[in-house]
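Single-structure report; data block below.
Every number in this text was worked out from the coordinates using simple rules, so none of it is lab data. None of these values were measured; they are calculated from a predicted model. So basically every Cβ, Gly included, is an ideal-geometry build from the backbone, and we count neighbours across all protein chains shown.
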Amino acid sequence: MAKHDYEMTWKDLQIGCIVTEPGSASQYKTGDWKSQHPVWNKERCIKCGMCYLFCPEPCIGQDAEGYFEANLFYCKGCGICAKECPTTAIHMVEEEG
Amino acid sequence: MSKRVGMEASFAIAEAAKLAETEVVAAYPITPQTHIVERLSEIVADGELDAEFICVESEHSAMSACIGSSAVGARTFTATAGQGLELMHEVLYVAASSRLPIVMAVANRALSGPLNVWGDHSDVMATRDCGWIQYFTENAQEAFDLTLCAFKIAEAPEVLFPLMVHLDGFHVSHVVEPLYLLEKEEIAGFIPPLRYPFPLDPRKPVTMGAFAPPVLYTESKKALEVALRSTKETILRVWKEFGDAFGRYYNPVESYRAEDADTLLLAIGSFTETATVAIDTLRDRGEKVGLIRLRLWRPFPFDEVRAALRSAQQVIIFDRAISLGGPGGPLCSEIKSALYQEPKKPKIVSFIGGLGGRDITPQQFEQMFARCRELIDKKIDVEYETIGVRE
Ligand code: SF4
Ligand code: SF4
């Protein structure tokens, strides 16, 4: 996307609001309304991948060491990952502001 | 050369869709539109037109299928009426906002209830704001000519809007009339091939019908509105080209014996032809009356309407629809709003009639002129009056 949606004027829209760039929806920040976000405690994590499987978004991925983490650009703060983690390695932290 | 034939208006529209080399027809039969698609299905079945004829289970599906076929860049035609147009309602907006140049004939019909299959303009008025180009035709010749023009207008690269060709249910759709049909050779080249800029194509994927959140919806509507208004230029150009080529000219607002008239009648659709008989009678009696026929409905021809009504003292507006609980005739309220900011404006008298297929005679049009004078002379202020209603 050349411009962010909030920068686009009506003249910038393609005819019929057609989106000509495949996959551009991934550039849309959908994680901007969460009231809490997950924080990982790597010491407790056993890398079982349950959080990754259960995230409805799905926005949890693995880092280079095999630990899991959420991409907060998309995370909705639903808390399912924290609830499902068998070792309580994840806890939810309130958003500020 | 074009040949003069006797033909039902519905069949003439089917002939126009054939001459335009329509590629896809998706339609559901509904009175009084049925003969249009019935005839087209025969034309396709007989191999006279190489098109896909998609039989669907409802008008909602018909318009949805049309959106799909238009989205891949196929020339697409359908037709409907009344309840059918209503069942399409939500999808009509999608066709417009997606800028898909679907051409649709609408045999104007009353809306239930009570159930009524006959003609009036309730269906048109209910789809007024859906973003389609819309114009009226008043006889078989106009229905034929303006269906042909519709493809050229809708598909013009600077337009790309769906377009409704309105004709009165039964009063036009089912009447056999003499008309000049154009031959294939004559029309050759008149409608260039459709080149939709972003057709659905796996080799060049695009997303159509994506959602627009609050941050973009307003911009999308502004873009659509500006684009729809700007189609008028092309509409005028195509009508002029058609006139130059075939000798029959069309205009957004047309008049009959309106020069020097102090009282004008403004109406839409086929009843304007009946009204000309009344105008002739009254003119013979020395009355300065004339007729204004509104052909282009969307985009609304504000300048032409204002110019046509500028010198009249009184304007009678005849509606074949009613805005229940609202300002009466929808046509009348649009004309009034077009004139509101004008420094000098005529008095406006509103009549509603011809609902659900009821005829309006020339004598009744004469009575409207007489009643208009009476209301103005006696300074009687009424929102509107209903013609021929039994009290
Ligand atoms: S809070 Fe919900 S959305 Fe965010 S990472 Fe956890 S499961 Fe996924
Ligand atoms: S569910 Fe808990 S233990 Fe399993 S990978 Fe995720 S954070 Fe680690």
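At 0.36 nm per residue, and after removing the present C-alpha to C-alpha distance, how many nm does the segment from B:Val176 to B:Ala188 gain when stretched out fully? Intermediate results must be reported in sequence, preceding the final value.
Values: separation 12, 0.36 × 12 = 4.32 nm, distance 2.63 nm.
This chain segment gains 1.7 nm when fully extended.
Between A:Leu72 and B:Glu38, the FRET efficiency estimated from the beta carbon spacing at R0 = 60 angstrom works out to 0.50.
Per-residue ellipticity at 222 nm for chain B, helices alone: DSSP H runs ≥ 4 residues times -39500 (n - 2.57), over residue total, nearest 500 deg cm²/dmol? Numbers along the way, then the final one.
Numbers: 13 runs with 156 residues, N = 391.
The helix contribution divided over chain B gives -12500 deg cm²/dmol.
How about A:Lys34: which lysines have a C-alpha closer than 27 Å to its C-alpha, ignoring those fewer than 8 places off in the same chain? Reachable lysines: A:Lys3, A:Lys42, A:Lys47, A:Lys76, A:Lys83.
Shielding by partners for peptide B:197-210, expressed as the average number of C-beta atoms from other protein chains within 10 Å of each residue's C-beta, is 4. Structural descriptor for chain B: relative contact order 16 percent, calculated from alpha carbon pairs under 8 angstrom and at least 6 residues apart. Label positions at B:Arg128 and A:Lys11, each projected 7 Å from the Cα along the C-beta direction, are separated by 3.2 nm. Look at the stretch A:18-30: the mean tally of other chain Cβ atoms within 10 Å of its residues' Cβ atoms is 3.
Listed values for segment A:61-76 are Karplus-derived 3J(HN,Hα) couplings in whole Hz (6.51 cos²θ - 1.76 cosθ + 1.60, θ = phi - 60°), namely x, 9, 8, 4, 8, x, 7, 9, 7, 8, 8, 6, 5, 10, 4, 9, and x replaces Gly and Pro.
Simple spin-label estimate for B:Thr386 and A:Glu57 gives 6.0 nm between the two label positions (7 Å along the Cα-to-Cβ direction from each Cα).
Over 25 Å apart at the Cα level, from the set B:Lys18/B:Lys152; A:Lys11/B:Lys336; B:Lys3/B:Lys232; B:Lys240/B:Lys344, are A:Lys11/B:Lys336; B:Lys3/B:Lys232; B:Lys240/B:Lys344.
Per-residue mean of foreign Cβ neighbours for B:220-229 is 3 (Cβ atoms of other chains, 10 Å radius).
The Cα-based radius of gyration of chain B, divided by its Kirkwood radius, gives an Rg/Rh of 0.97.
Applying 0.36 nm per residue to the separation of B:Asp260 and B:Ala210 and subtracting their alpha-carbon distance, the gain on full extension is 12.7 nm. Put a dot 7 Å past the Cα of A:Glu65, heading toward its Cβ, do the same for B:Glu374, and the two dots end up 9.5 nm apart. Calculated on the Cα set of segment B:280-361, radius of gyration then Dmax: 13.7, 39 Å.
Label zone (B:Lys288, point 7 Å along Cα-to-C-beta; backbone nitrogen cut-off 17 Å) within segment B:236-266: B:256-265.
Ranked highest first by average number of other Cβ atoms within 10 Å, how do B:90-101, B:152-163, A:3-14, B:214-225 line up?
Numbers: B:90-101: 21.1, B:152-163: 22.7, A:3-14: 12.5, B:214-225: 15.0.
Put in order of decreasing packing, that is B:152-163, B:90-101, B:214-225, A:3-14.
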